[in-house]
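Here the structure comes first, spelled out in structure tokens, and everything after it is commentary.
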Amino acid sequence: MYSLIYIVNNLLFFISTDCNYAKGRWIADSRRPLYSGFGCKQWLSDMWACRLTQRTDFSYEGYRWQPDNCEMDEFQGTEFLRRMQDKTVAFIGDSLGRQQFQSLMCMVTGGEEKPEVEDVGWKYGLIKPPGVVRPDGWAYRFPDTNSTILFYWSASLCEIEPINVTDPATEFAMHLDRPPAFLGQFLNHFDVVILNTGHHWNRGKFRANRWVMHAKGRPVTDRKLAEMGNAKKYAIQSIVRWLDSKIHLHPQLKGFFRTISPRHFLNGDWNTGGHCDNLTPLTKGSEVFQKKSSDPVIEDAVKGTKVKILDITAISLLRDEGHISRYSIKASAGINDCLHWCLPGIPDTWNELLYAQL
Ligand SMILES: *[C@@H]1O[C@H](CO)[C@@H](O)[C@H](O)[C@H]1NC(C)=O
Ligand SMILES: *[C@@H]1O[C@H](CO)[C@@H](O)[C@H](O)[C@H]1NC(C)=O
């Protein structure tokens, strides 16, 4: 809590406001970035390391976020690990959650090679089966502090279950009101959980993944609920309620819901020539003035619960120049990535805001 005191016409006013990390401004800072985009090879995917691409302008790396009314300690990797001594930090979500996970691994290590960090994916069943491109997640343990940081891929934050296990072309029941099985299985091992979802809630992704919405164990027949926006809201409310009940049982557990990461496609979408060519930082302004989140679905879902909002939407909306854009390593002509971010980059700030709230 913050107390503001001001005096008008000899009257003293006290106003208590909650510190709102999402209200503030971007400031140029020579101490950024927190790691080099040429380094962090142990954790940073080449596809997100814009320093390895044709891009030549990296001015987007040189900013930090300054909230108006909150203290923010400078991020220190060793201090982060010290706070997370004997603890496990779990990111659960889609590829933007994976970006935040890789960012945190790089921030904590300063992008330096750390041979002593142990791959403990096996403890969580995160192993790559033969013939599969990647495992469902990654988990790394820092032996000095016995801290683990992990990511688990769950694009919808729902339990996904094959409808006919013997059919290779089966559809999948997507249980809107059940958390991913992984989270149910391992939550007792986690101390900090950061959830995110959003970009897979469209008909195209549902068709490609052969997801069939279910609620209360049955296919959804309610037309209202089956509308994409309503289904997403229902799933988010369900998992927030579930996590909140777990925090009540285990008060040491901290739960965050990261708001949606904004897209910046202009003149089309990712598959219809949309682009984000601006390279100049902060042409959209450097400040967020609004009090409310730009992601009302998550803001409403966490209201009155012990799950905290990690509100990065409006902050990141100002940073259209920080996307991969057309500089991807395996760029297909005409396909621009105005969804994912260059690393180091904007997701580092999300982790600084997380750090401030831990
Ligand atoms: C490491 O931390 C876990 C909890 O996350 C604890 O159960 C375990 O005993 C710790 N191991 C050591 C060697 O301290
Ligand atoms: C499940 O899939 C198998 C293989 O395609 C098929 O033979 C079987 O009839 C299916 N079962 C049901 C209940 O649809």
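The values are calculated or read from the model by the stated rules, or taken from the named source; none is laboratory data. Because the structure is a prediction, the values reported are computed rather than measured. With ideal geometry, Cβ positions are generated from the backbone for all residues, glycine too; neighbour counts draw on all protein chains shown. Side chains included, ligands, DNA and RNA excluded: accessible areas come from the protein's heavy atoms. Shrake-Rupley method; radii C 1.70, N 1.55, O 1.52, S 1.80 Å.
Select from region 119-176 the residues that are within 16 Å of ligand 1 (Cβ to nearest atom) and of a type in the set (Gly, Ala, Ser) and list them in ascending order. Those that are within 16 Å of ligand 1 (Cβ to nearest atom) and of a type in the set (Gly, Ala, Ser): GLY121, ALA139, SER147.
Conditions tested, residue by residue: (1) out of contact with any helix residue (DSSP H, G or I) (no Cβ under 6 Å at 6 or more places or on another chain); (2) of a type in the set (D, E, K, R).
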| site | (1), (2) |
| --- | --- |
| GLY97 | yes, no |
| SER103 | no, no |
| ASP119 | yes, yes |
| PRO130 | yes, no |
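Counting only strands (runs of 3 or more DSSP E) wholly contained in region 248-358, the ones carrying 2 or more residues that are open to solvent by less than 10 Å² (accessible area, probe 1.4 Å) and closer than 22 Å to THR56 by Cα occupy 323-325, 337-341. Which condition number does TRP153 fail, the rest of (1) within 16 Å of ligand 2 (Cβ to nearest atom); (2) surrounded by 12 or more Cβ atoms within 10 Å (Cβ to Cβ) being met? Of (1) within 16 Å of ligand 2 (Cβ to nearest atom); (2) surrounded by 12 or more Cβ atoms within 10 Å (Cβ to Cβ), only one is false for TRP153: (1). Before we move on, is THR88 over 25 Å from ALA22 (Cα atoms), surrounded by 15 or more Cβ atoms within 10 Å (Cβ to Cβ) and in contact with a Ser or Thr (Cβ under 6 Å, 6 or more places away or on another chain)? Yes; evaluated as a whole, the condition is true for this residue. Close Cβ contacts (under 6 Å, 6 or more residues apart or on different chains) running from residues in region 35-59 that are under 9 Å from CYS106 (Cα atoms) to residues that are surrounded by fewer than 16 Cβ atoms within 10 Å (Cβ to Cβ) comprise TYR35/GLY110.
Of the residues contained in region 269-282, none is found to be closer than 30 Å to ARG178 by Cα and touching a residue at least 40 places away in the same chain (Cβ under 8 Å). Could you say whether any residue in region 313-327 is over 30 Å from LEU253 (Cα atoms) and in contact with a Gly (Cβ under 7 Å, 6 or more places away or on another chain)? Yes, region 313-327 has at least one match. What pairs can you find where one residue is in region 122-149 and touching a residue at least 40 places away in the same chain (Cβ under 8 Å) and farther than 18 Å from GLN185 by Cβ, the other is of a type in the set (Ser, Thr, Tyr) and open to solvent by 60 Å² or more (accessible area, probe 1.4 Å), and their Cβ atoms are less than 6 Å apart, with a gap of 6+ or different chains? If the second residue must be of a type in the set (Ser, Thr, Tyr) and open to solvent by 60 Å² or more (accessible area, probe 1.4 Å), no pairs are left.
Okay, residues lined up against (1) modelled with pLDDT of 95 or more; (2) under 15 Å from ILE92 (Cβ atoms); (3) of a type in the set (Ser, Thr, Tyr):
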| site | (1), (2), (3) |
| --- | --- |
| PRO179 | yes, yes, no |
| ARG210 | yes, no, no |
| ASN230 | yes, no, no |
| PRO262 | yes, no, no |
| TRP270 | no, no, no |
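The selection criterion, being part of a helix (DSSP H, G or I) and touching a strand residue (DSSP E or B) at 6+ places or on another chain (Cβ under 6 Å), holds for ALA231. Taken together, the residues in region 164-181 that are more than 16 Å from ligand 2 (Cβ to nearest atom) and either surrounded by fewer than 13 Cβ atoms within 10 Å (Cβ to Cβ) or without any contact (Cβ under 8 Å) to a residue 24 or more places away in the chain (or both) amount to 1. Do we have any residue at all in region 52-59 that's within 20 Å of the chain's Cα centre (by Cα) and either open to solvent by 10 Å² or more (accessible area, probe 1.4 Å) or of a type outside the set (A, V, I, L, M) (or both)? Within region 52-59 (the criterion being within 20 Å of the chain's Cα centre (by Cα) and either open to solvent by 10 Å² or more (accessible area, probe 1.4 Å) or of a type outside the set (A, V, I, L, M) (or both)), the answer is no, since none of the residues qualifies.
Rundown of residues vs (1) aromatic (Phe, Trp, Tyr); (2) open to solvent by less than 20 Å² (accessible area, probe 1.4 Å), yes/no style:
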{"residue": "TYR63", "(1), (2)": "yes, no"}
{"residue": "GLN76", "(1), (2)": "no, no"}
{"residue": "ILE92", "(1), (2)": "no, yes"}
{"residue": "GLY97", "(1), (2)": "no, yes"}
{"residue": "GLN102", "(1), (2)": "no, yes"}
{"residue": "LYS114", "(1), (2)": "no, no"}
{"residue": "ALA139", "(1), (2)": "no, yes"}
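Just to verify a result, which residue in region 182-197, among those that are more than 14 Å from ligand 1 (Cβ to nearest atom) and over 12 Å from PHE151 (Cβ atoms), is most open to solvent (accessible area, probe 1.4 Å)? Restricting to residues being more than 14 Å from ligand 1 (Cβ to nearest atom) and over 12 Å from PHE151 (Cβ atoms), the top hit is GLN185. Residue pairs whose Cβ atoms lie under 8 Å apart, separated by 6 or more positions or on different chains, with the first residue in region 208-228 and on the phi > 0 side of the Ramachandran plot and the second open to solvent by 60 Å² or more (accessible area, probe 1.4 Å) and not hydrophobic (A, V, I, L, M, F, W, C), are ARG210/GLU171.
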